Amino acid sequence: MAVSSTLSVRNAAAEHAQEVKELVEWFEAREGTEFNSKQEIRREVPTDPNSVLGVFATDDIAKGEVLVSI
């Protein structure tokens with residue numbers, strides 16, 4: 001299982017909407033929160049500030065692999 005700290009998610013979220021920053025801050029406030037490093041939170045079209053926000057896989061994620069542990 002590939003797991004990372006919230007640091008990479010926070011850095012990516014900083015480029016997007018305030019709601020994403022607030023969501024990541026909420027996660028960070030929970031001790032032990034970890035995100036799978038095979039995903040990122042971003043806009044569907046990174047260069048379009050009006051495109052939808054979502055969680056996107058950056059690599060294959062196996063069935064049963066943990067995405068977020070809070």
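Amide H to amide H, with H built 1.01 Å from N, Lys38 comes under 5 Å of no residue 5 or more places away or on another chain. For the peptides 51-57, 26-32, residues were scored by their other Cβ atoms within 10 Å and the scores averaged per peptide; the highest-first order is 51-57, 26-32.
The distance between label points at Arg30 and Asp48 comes to 3.1 nm (points 7 Å beyond Cα on the Cα→Cβ vector). Across all Cα pairs in segment 15-70, the calculated P(r) in 10 Å bins from zero up to the longest distance comes to 21, 47, 29, 2 percent per bin.
Bear in mind these aren't lab numbers, they're just calculated from the coordinates by the rules spelled out. Remember, it's a predicted structure, so these values are computed and weren't measured experimentally. Note that we place each Cβ from the backbone using ideal geometry, even for glycine, and neighbour counts take in every protein chain shown.
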